[in-house]
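**Q** This structure is in structure tokens; I'll ask about it shortly.
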Amino acid sequence: MSDKTREPGNNPGSTGGTYADPQARPKNWLVPVALVNLRECTSYGYELMERTVEFGFEAMNPGTLYRTLRKLEKEGLCESKWQTASEGPARRMYSITDAGEAYLDLWVESLEHYQQTMDAFLLAYKKKKSGSGRRS
């Protein structure tokens, strides 16, 4: 293989480069991350964006989060209200709804199943890696 980095999404079976770092998180990961953060406390977008770092979102376009929040609100999973403070600008504060709680519960069930699958995969990988080598 050459020293080129593969573009994400390229066929791993093709030749011509090394693999980029895989992103080990489920598709649409921002949805449950936003909901779990809103379950902890009502918050505004910028604060939510800062809190997503611990879930693997180091650099995020704010538009991505705000589009996700608008989608969640449209689907009834969260709601927002304008909060005016004596100091600073008004902020749109988001909170999780009962439907959002139920949706988050489904995500957790799915992630628990996914974790069992990943645990089995990692166990098989580590077992083989510590074993006597590859099969012929």
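Laboratory data are not the source of any read-out in this text; all were calculated from the coordinates shown. Since the model is a prediction, treat every value here as computed from it, not as a measurement. A quick note on method: Cβ atoms are made from the backbone with ideal geometry, for glycine too, and the neighbour counts reach across all protein chains shown.
**Q** Quick one: compute the contact order of segment 30-129, relative version, from alpha carbon pairs under 8 angstrom and 6+ residues apart, as a percent.
**A** So the answer I get is 29 percent.
**Q** Taking θ as phi - 60°, what are the ³J(HN,Hα) couplings along segment 110-119 by the Karplus curve (6.51, -1.76, 1.60), each to the nearest whole Hz, with x for Gly and Pro?
**A** Karplus-based 3J(HN,Hα) across segment 110-119 equals 5, 5, 5, 5, 4, 5, 4, 5, 5, 4 Hz.
**Q** Excluding residue 82 itself, calculate the net charge of residues whose Cβ lies under 15 Å from the Cβ of residue 82, where each Lys or Arg counts +1 and each Asp or Glu counts -1.
**A** Net charge around residue 82: +2.
**Q** Starting from segment 36-136, pick out the GluC sites (Glu not before Pro) whose DSSP state is loop and whose Cβ has at most 12 other Cβ atoms within 10 Å.
**A** When the GluC sites (Glu not before Pro) of segment 36-136 are filtered for loop state and at most 12 Cβ neighbours within 10 Å, 58, 87 remain.
**Q** For the residues 86, 95, what sequence is obtained by ranking on other C-beta atoms within 10 Å, fewest first?
**A** The most exposed by this proxy come first: 86, 95.
**Q** Please turn the phi angles of segment 84-89 into ³J(HN,Hα) values with the Karplus equation 6.51 cos²θ - 1.76 cosθ + 1.60 (θ = phi - 60°), one per residue in order, whole Hz, x for glycine and proline.
**A** Rounded to whole hertz, the list is 9, 10, 5, 10, x, x.
**Q** What order do you get for 51, 67, 39 when you list them from fewest to most C-beta neighbours inside 10 Å?
**A** By the 10 Å Cβ count, ascending: 67, 39, 51.
**Q** Mind listing the long-range amide H neighbours of residue 97? Cut-off is under 5 Å, sequence gap 5 or more, other chains count too, H placed in the peptide plane at 1.01 Å from N.
**A** 78, 79
**Q** While we're here: Quick one: Cα convex hull volume of segment 30-129, Å³ per residue?
**A** Convex hull volume per residue, Cα atoms: 115 Å³.
**Q** Work out the charge dipole of segment 46-116 with +1 on the Cβ of Lys and Arg and -1 on the Cβ of Asp and Glu about the Cα centre, then indicate which of 86, 69, 59 is farthest towards its positive end.
**A** The residue sitting most towards the positive pole is 86.
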